[in-house]
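Asker: Below you will find the structure I want to go over with you.
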Amino acid sequence: MRRTVGLAVLIIGASVTACTAASGAPGDRDAKPRAPSVDLRTPGTCVATERLIPTCGAWWGIAPDTSSGTTLRRAVESAERRMGRRADIVHVTHRGAEPFPTKQERQVAAGGRLLLISWKPAPDRTWAEVAGGAIDRRIDRLAAHITRTFPHRFFLAIDARPEGEVRQAPGRSAADYAAMFRHVVNRLRERGVRNAVTVLTYTGAPGWTAKPWFERLYPGDDVVDWVAFTPYAGERVTDFAGLMAAARPGRPGFYHWLQERFPAKPIMLAEWGVAERPGAPRHKRDVFASADRQITHYPQLKALIYADSPARGDTRFDTTPAAGRAFARLARNPRFTATRVPAG
């Protein structure tokens, strides 16, 4: 059962509704979308809300590849040169007691970018243990670090993609995950962290969405500001609409499920990527080009963060010149240039 929606969520819902149009039907990939209520070409009309929701358009982000040992800043700058624009959001990950944002992450944010920090609070503990206070000192130290070093708003995803970790064993149920998420968020807020915009990130894979416990993962509107999922275009996906429609065979696609389940929440692709397809050198180019055409079909989608990585089948966006050009055109789509990153 949904929890009562607070004032902040009603404000979010108003922001999303005011600046977006109804999408096409789930099965109609190329239905003509309604025009947005805000003209994306009019300077000064597009701003970010307190919860970092762009009132028109969507944020453009990158999860840079640092696997070769390069620094975060160099990896971000390399990706930006290759795609021909600055990223609005940079996605980084942390585990356990690691303090964040780090000095490098603060430097990246100082360059006019938002941070999306995905944090796994306790890899060595169950969700029930965390909800019961087992790592409260760790949370308190992190809160002190954030309040001392980073006053700016940032996205915080807590223990992202939990579906694959749900177990019948004690402490690892979907309800335990929801309790853990609530406890961490409330503890951070009680210790003064008011600049974290919280994100619940689903995998969105078909095997998990059909589970009877799936709905019980949700911890409540009062502790979740954005909802997200992480689709990747594999063998069967040929366009961006297919990416959004994947993960729920015979049912509405995961984007449409999120849209129906959370009409007042902005939706994020916390990661997305297009893998290499052997024998199909135009695959990436075609998916990026389709995204450029189809992005207006998904008005509640307010942030896209691309995984630029040689892993997961190699999702680097410029493995061919044609793919790189198509990606750069997509990055300059008016929906991704309508709102500027807020200064603070």
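The values are calculated or read from the model by the stated rules, or taken from the named source; none is laboratory data. Predicted model, so just to flag it, every value in this text is computed and none were measured. Cβ atoms come from the backbone with ideal geometry, glycine included; neighbour counts cover every protein chain shown.
Asker: If we keep just the residues of region 275-328 that are among the aliphatic types (A, V, I, L, M) and at pLDDT below 95, which is surrounded by the most Cβ atoms within 10 Å (Cβ to Cβ)?
Answerer: ALA275
Asker: What's the total number of residues in region 153-180 that are farther than 29 Å from VAL341 by Cα, of a type in the set (A, V, I, L, M, F, W, C) and in contact with a helix residue (DSSP H, G or I) (Cβ under 7 Å, 6 or more places away or on another chain)?
Answerer: Number of matching residues: 6.
Asker: Considering only region 230-270, how many residues are surrounded by 21 or more Cβ atoms within 10 Å (Cβ to Cβ), in a strand (DSSP E or B) and at pLDDT below 95?
Answerer: Here the count works out to 1.
Asker: Here's a follow-up. Any residue in region 187-200 that is surrounded by 14 or more Cβ atoms within 10 Å (Cβ to Cβ) and at pLDDT 95 or above sitting within a Cβ distance under 8 Å of a residue that is assigned to a helix (DSSP H, G or I) and hydroxyl-bearing (Ser, Thr, Tyr)? List the pairs, counting only those 6 or more apart or interchain.
Answerer: ARG191/THR147; VAL193/THR147
Asker: May I pose another question? Taking region 131-175 only, how many residues are surrounded by 14 or more Cβ atoms within 10 Å (Cβ to Cβ), in a loop (DSSP other than H, G, I, E, B) and of a type in the set (S, T, N, Q)?
Answerer: Residues meeting the conditions: 1.
Asker: Can I ask one more? Mind telling me which of the residues THR70, THR93 ends up being of a type in the set (Val, Ile, Thr), farther than 19 Å from GLU271 by Cα and without any contact (Cβ under 8 Å) to a residue 60 or more places away in the chain?
Answerer: THR70
Asker: Of the residues that make up region 278-289, is at least one touching a residue at least 12 places away in the same chain (Cβ under 8 Å), on the phi < 0 side of the Ramachandran plot, part of a strand (DSSP E or B) and not hydrophobic (A, V, I, L, M, F, W, C)?
Answerer: no
Asker: Would you mind telling me which numbered condition in (1) touching a Pro at 6+ places or on another chain (Cβ under 7 Å); (2) under 18 Å from TYR202 (Cβ atoms) THR320 fails?
Answerer: Only one criterion is unmet by THR320, namely (2).
Asker: Return the pairs, sorted by first residue and then second, in which the second residue is outside any loop (DSSP other than H, G, I, E, B) and basic (Lys, Arg), the first residue lies in region 134-161 and is over 16 Å from ASP124 (Cβ atoms) and at pLDDT 95 or above, the beta carbons are less than 7 Å apart, and the residues are 6+ apart or on different chains.
Answerer: Listed by first residue and then by second, the contacts come to THR149/ARG106; PHE150/ARG106.
Asker: Which of the residues that make up region 251-300 are among the hydrophobic types (A, V, I, L, M, F, W, C) and more than 19 Å from GLU235 (Cα to Cα)?
Answerer: Within region 251-300, TRP257, LEU258, PHE262, ALA264, ILE267, MET268, LEU269, ALA270, ILE295 meet the criteria.
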